[in-house]
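Since the structure comes first, as structure tokens, the remarks are kept for the end.
The values are calculated or read from the model by the stated rules, or taken from the named source; none is laboratory data. Every value quoted in this text rests on a predicted model; they were computed, and no experiment measured them. Here the Cβ is made from the backbone with ideal geometry for all residues, glycine too, and neighbour counts use every protein chain on show. Heads up: the accessible areas ignore ligands, DNA and RNA and are worked out on the full protein's heavy atoms, side chains in. Shrake-Rupley method; radii C 1.70, N 1.55, O 1.52, S 1.80 Å.
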Amino acid sequence: MANYEKLIGGNRSFYERNADFKELAGGQKPEHIVVACSDSRVAPEIILNARLGELFVIRSAGEVIDDAELATIEYGVVHLGIKSIIMLAHTNCGAVAEAQKLLRESEAGKLHFDEKAANSKLDVMAYRIYKNIAGKSNNSVDSRSAALDNLMAQIKILEDYEPIRDAIKNGLRIISGMYDINTGRVELYV
Ligand SMILES: [Zn+2]
């Protein structure tokens, strides 16, 4: 039985502690878009100590950017006028680990994956991350390096998307970062 009571109690202590809902209800003006992994240990608002309304957050496994993520980022950039996107990878990422497994299979000549025949979107995603990290032998063992190469591939997807490309010409900045699960530290590559 899931513990919903704990969540309801948690929400009560949240709204009793926070008094600025009236101001927030008037509209949002977040300063940064943060694209991060869905991993439960990587909540951007918590690890960056941000308040409600400060961060416009998009999360998916392996911070993979697909159509829904692109559309959400576009909303943040075009409609909310956000000028900063933080692309945040993290250590100990399960999605990247899965892709590293495929990379090791590929290096051993044992990888046989047919993207069109696959019936699991998760398998397809892992395969795509594998393609992002393939080509460098240390990526099969170095999870930080693999996570960064996957992140760079996601940034390229962003930069190749016309509305974002136009926004970059008008001052939008995309920076990358790494969150270390082991220490709680975020390193931003500005
Ligand atoms: Zn992850």
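If I build a Gaussian network model for the chain, linking alpha-carbon pairs within less than 10 angstrom, which residue out of GLY53, GLY27, GLY76 has the largest mean-square fluctuation? Answer for the Gaussian network model of the chain: GLY27.
Listed by chain and number, the lysines whose C-alpha is less than 26 Å from the C-alpha of LYS116, apart from same-chain residues fewer than 8 away, are LYS101, LYS131, LYS136, LYS156.
From largest to smallest, what semi-axes in whole angstrom does the chain give when each is the square root of 5 times an eigenvalue of its alpha carbon gyration tensor?
32, 22, 16
With the charge dipole of the chain set up from +1 on Lys and Arg Cβ and -1 on Asp and Glu Cβ about the Cα centre, the Cα lying farthest toward the positive end among the listed residues VAL96, ILE65, LEU188 is that of LEU188.
When you restrict to C-alpha pairs under 8 Å that are six or more residues apart and normalise by the size of the chain, the relative contact order lands at 23 percent.
For ARG59, the solvent-accessible surface computed with a 1.4 Å probe is close to 80 Å², ligands and nucleic acids excluded. Springs between alpha-carbon atoms under 10 Å, Gaussian network over the chain: tell me which of ARG128, ARG12, ARG41 tops the mean-square fluctuations. Of ARG128, ARG12, ARG41, the most mobile in the Gaussian network model is ARG12. Secondary structure note: in the chain, about 20% of the DSSP beta bridges are antiparallel. Under Stokes-Einstein, with the Kirkwood radius over Cα pairs as Rh, the value for the range 51-132 at 25 °C and 0.890 mPa s is 166 µm²/s. Using Cβ point charges alone (K and R +1, D and E -1), the dipole size of the chain about the Cα centre works out to roughly 260 debye. For LYS136, the accessible area of its heavy atoms, probed at 1.4 Å with every protein chain present, is near 90 square angstrom.
Can you check what the net charge comes to around LEU122, using other residues whose Cβ is under 12 Å from the Cβ of LEU122 (Lys, Arg +1; Asp, Glu -1)? Overall, the nearby charge balance is 0. Compared with the alpha-carbon gap, the fully stretched path from ARG165 to ARG104 is longer by 18.5 nm at 0.36 nm per residue.
With a cut-off of 15 Å between beta carbons, the residues surrounding ILE47 carry a summed charge of -2, where Lys and Arg count +1 and Asp and Glu -1.
Straight-line cross-link partners of LYS29 among the aspartates and glutamates, defined as a Cα under 17 Å from its Cα and at least 8 positions apart when in the same chain: ASP20, GLU45, GLU54, GLU74. Could you calculate the FRET efficiency of PHE113 with TYR75 from 1/(1 + (r/R0)^6), where r is the beta carbon distance between them and R0 is 41 Å, rounded to 0.05? Once rounded, the FRET efficiency stands at 0.80.
Placing HIS32, HIS90, HIS79, HIS112 in order of accessible area, with the largest value first and a 1.4 Å probe, yields HIS112, HIS79, HIS32, HIS90.
With a 10 Å cut-off between alpha carbons and a GNM built on the chain, which of PHE56, PHE21, PHE113 moves the most? Among PHE56, PHE21, PHE113, the largest mean-square fluctuation in the Gaussian network model of the chain belongs to PHE21. For the range 117-190, what does the alpha-carbon gyration tensor say about shape, rounded, prolate or oblate, given a ≥ b ≥ c as the root eigenvalues, a/c under 1.5 as rounded, and a/b over b/c as prolate? It comes out oblate by the Cα gyration axes. Rg over Rh for the range 13-69 works out to 1.03, using Cα positions for both radii and the Kirkwood form for Rh.
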